[in-house]
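Trainee: Below is a structure I'd like to ask you about.
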Amino acid sequence: MKSGSIENWLLSTLSVSNFLLESKSVKNRIILEDVPSGREYLELIIDAMKKNRFIHINYLNYWKGDTHDHYVMPLCVKLYRQRWYLVGRNWPAGYDLVFCLDRIHDFRLSSHTFEYPEEFNPQEYFNGCIGVITGNGTDIEKVKIKVSASQANYLRDLPLHESQQETEQTDEYCIFELHVRPTFDFQQELLWNGEDLEVLEPLWLRKEIAGKVKRMWNKYKE
């Protein structure tokens with residue numbers, strides 16, 4: 001139950017759902033977060049995964065602002081920040097792509113089946129990652145961060161990553177070490193902590209975060 005398995009997630013979800021159903025008298029006082037991406041395609045994709053069936057999807061690329069058709073093997077799905085994501089292996093090219101379900105504009109189940117690739121392991125695919133960006137070969141590195149004493153309480157209760165370890169504690173600050181892939185998603189998590197967090201190591205990541213902060217400051221200094 002402590003391993004973060006799907007059984008643990010389902011049990012937690014069912015427990016909360018049952019409790020909420022029994023609390024209709026105060027439903028207007030219970031505010032929930034929306035998970036829009038799971039409504040239309042999640043069930044269809046999981047069904048395709050169970051049957052090892054190819055899928056056709058038309059997908060919107062936020063960065064390029066256009067849509068493209070993809071023919072992929074649905075390998076796994078992941079929930080992150082109220083959005084469901086699909087890892088699909090493109091055919092015939094053979095490379096893996098991550099798709100956000102709420103950017104899928106069209107979905108069709110193929111009649112063709114595939115052999116699930118034995119070398120693909122979802123846990124290993126996202127090993128060291130925070131979020132869904134794997135970094136296209138970005139290595140796992142030791143990241144050292146300095147956090148204000150008050151903000152450190154939040155990181156203790158909800159660690160940034162399972163590898164997080166507290167190595168130093170003072171009345172003013174705390175030091176944490178993590179072994180992660182410092183991808184865009186991870187950098188966004190660091191920036192979310194604002195002035196209460198400082199990257200100490202590695203040096204390239206410290207410079208990267210400093211550059212982002214400087215560019216943010218340039219937008220506000222006038």
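The values are calculated or read from the model by the stated rules, or taken from the named source; none is laboratory data. From a predicted model like this one, the values you see are computed outputs, not experimental measurements. We place every Cβ from the backbone using ideal geometry, glycine too, and count neighbours over all the protein chains shown.
Residues checked against (1) of a type in the set (Val, Ile, Thr); (2) at pLDDT 75 or above; (3) out of contact with any strand residue (DSSP E or B) (no Cβ under 6 Å at 6 or more places or on another chain):
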position: 13; (1), (2), (3): yes, no, yes
position: 33; (1), (2), (3): no, no, yes
position: 107; (1), (2), (3): no, yes, no
position: 112; (1), (2), (3): no, yes, no
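Trainee: If you take the residues in region 138-175 that are of a type in the set (A, V, I, L, M) and buried (at least 16 other Cβ atoms within 10 Å of the Cβ), which one is nearest to the chain's Cα centre (by Cα)?
Mentor: Checking each candidate, the answer is 160.
Trainee: Still on this structure, please answer the following. Of all residues in region 176-185 being hydrophobic (A, V, I, L, M, F, W, C) and at pLDDT 95 or above, which is surrounded by the most Cβ atoms within 10 Å (Cβ to Cβ)?
Mentor: 176
Trainee: Next question. Out of the helices (runs of 4 or more DSSP H) lying entirely within region 119-222, which hold 2 or more residues that are small (Gly, Ala, Ser) and farther than 22 Å from residue 96 by Cβ?
Mentor: Hits in region 119-222: 149-157, 203-220.
Trainee: Also: Looking for whichever is exposed (fewer than 10 other Cβ atoms within 10 Å of the Cβ), touching a residue at least 40 places away in the same chain (Cβ under 8 Å), among the polar types (S, T, N, Q) and not assigned by TED's automatic domain parsing to the domain that holds residue 185 here; the options are 111, 25. Which one fits?
Mentor: Among 111, 25, only 111 is exposed (fewer than 10 other Cβ atoms within 10 Å of the Cβ), touching a residue at least 40 places away in the same chain (Cβ under 8 Å), among the polar types (S, T, N, Q) and not assigned by TED's automatic domain parsing to the domain that holds residue 185.
Trainee: If I ask for residues that are part of a strand (DSSP E or B) and not hydrophobic (A, V, I, L, M, F, W, C), which ones from region 89-109 would you list?
Mentor: Of everything in region 89-109, those that are part of a strand (DSSP E or B) and not hydrophobic (A, V, I, L, M, F, W, C) turn out to be 89, 90, 96, 105, 106, 108.
Trainee: Looking at residue 86 and the list (1) in the same structural domain as residue 54 (by TED's automatic domain parsing); (2) part of a strand (DSSP E or B); (3) in contact with a Ser or Thr (Cβ under 6 Å, 6 or more places away or on another chain), which single condition is not satisfied?
Mentor: Of everything listed in (1) in the same structural domain as residue 54 (by TED's automatic domain parsing); (2) part of a strand (DSSP E or B); (3) in contact with a Ser or Thr (Cβ under 6 Å, 6 or more places away or on another chain), residue 86 misses just condition (3).
Trainee: Enumerate the pairs (first residue in region 43-59 and not assigned by TED's automatic domain parsing to the domain that holds residue 100; second residue anywhere and modelled with pLDDT of 95 or more and polar (S, T, N, Q)) with beta-carbon separation below 9 Å, excluding pairs fewer than 6 apart on the same chain, so at least 6 apart or on different chains.
Mentor: none
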